1. Test residue 53 against the stated conditions and say whether it is surrounded by fewer than 18 Cβ atoms within 10 Å (Cβ to Cβ), modelled with pLDDT of 95 or more and within 11 Å of the chain's Cα centre (by Cα).
2. Which is within 16 Å of the chain's Cα centre (by Cα), within 21 Å of residue 78 (Cβ to Cβ) and not in a strand (DSSP E or B), of 147, 141?
3. Here is a check on your reading of the model: is residue 117 in a loop (DSSP other than H, G, I, E, B) and either surrounded by 13 or more Cβ atoms within 10 Å (Cβ to Cβ) or modelled with pLDDT of 95 or more (or both)?
4. It is to be established whether one or more residues within the stretch 122-136 are surrounded by fewer than 20 Cβ atoms within 10 Å (Cβ to Cβ) and either touching a His at 6+ places or on another chain (Cβ under 8 Å) or among the aromatic types (Phe, Trp, Tyr) (or both).
5. For residue 92, are the conditions met, namely being at pLDDT 95 or above, surrounded by fewer than 20 Cβ atoms within 10 Å (Cβ to Cβ), in a helix (DSSP H, G or I) and small (Gly, Ala, Ser)?
6. Look through the stretch 21-50, keep the residues that are within 17 Å of residue 133 (Cβ to Cβ), hydrophobic (A, V, I, L, M, F, W, C) and modelled with pLDDT of 95 or more, and return whichever of them is surrounded by the fewest Cβ atoms within 10 Å (Cβ to Cβ).
7. Which of (1) in contact (Cβ under 8 Å) with a residue 12 or more places away in the chain; (2) of a type in the set (D, E, K, R); (3) closer than 18 Å to residue 15 by Cα; (4) surrounded by fewer than 12 Cβ atoms within 10 Å (Cβ to Cβ) does residue 87 not meet, given it meets every other one?
8. Does residue 89 fit the bill of being among the charged types (D, E, K, R) and closer than 12 Å to residue 23 by Cα?
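The values are calculated or read from the model by the stated rules, or taken from the named source; none is laboratory data. All values reported here derive from a predicted model rather than from experimental measurement. In this analysis, Cβ positions are derived from the backbone assuming ideal geometry, glycine residues included, and neighbour counts consider all displayed protein chains.
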Amino acid sequence: MSVKGRVAGVAVAGALSFALPIVSYYEGLNLIAYLDPVGVPTICYGHTDGVKIGQTRSVAECDRLLNAELGQAISAVDRLVKVPMPDTRRAALGSFVYNAGIGAFAKSTLLKKLNSGDILGGCNEMLRWVWAGGKKLKGLERRRQAEVKLCIQS
């Protein structure tokens, strides 16, 4: 692995250590596929890609998926956010991106505010992302509150 690759890996690892407990807590671990609140087949810690109802995974497989996908979310945050960030903010945004998706984050007012230097305004934008399938979800409200709290830490 190149030096650049090792440095990037270490950079992601710091934010990952803050984000893992948030994502695992709010996503929950399910070893058997189920339908999420909007009817998407889901398994492990909110994994949806290629999931079929009735599918099973081991805890080790779920942990590997979580680490890989959360690492990708944090890498996307690092690519898209153009202002310096502490690991706490990177973790909060990584958790958000893991849940909402890279594409949604890339087009969001949240990202625009962060990149313009409005950190508090950007972090607070996460509080608007509490809807799924046309319903306001209490679990998303609690998750966003936790993410905002971590996001505004410096």
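1. No, not satisfied.
2. 147
3. yes
4. Taking every residue of the stretch 122-136 in turn, at least one turns out to be surrounded by fewer than 20 Cβ atoms within 10 Å (Cβ to Cβ) and either touching a His at 6+ places or on another chain (Cβ under 8 Å) or among the aromatic types (Phe, Trp, Tyr) (or both).
5. no
6. 35
7. (4)
8. No, not satisfied.
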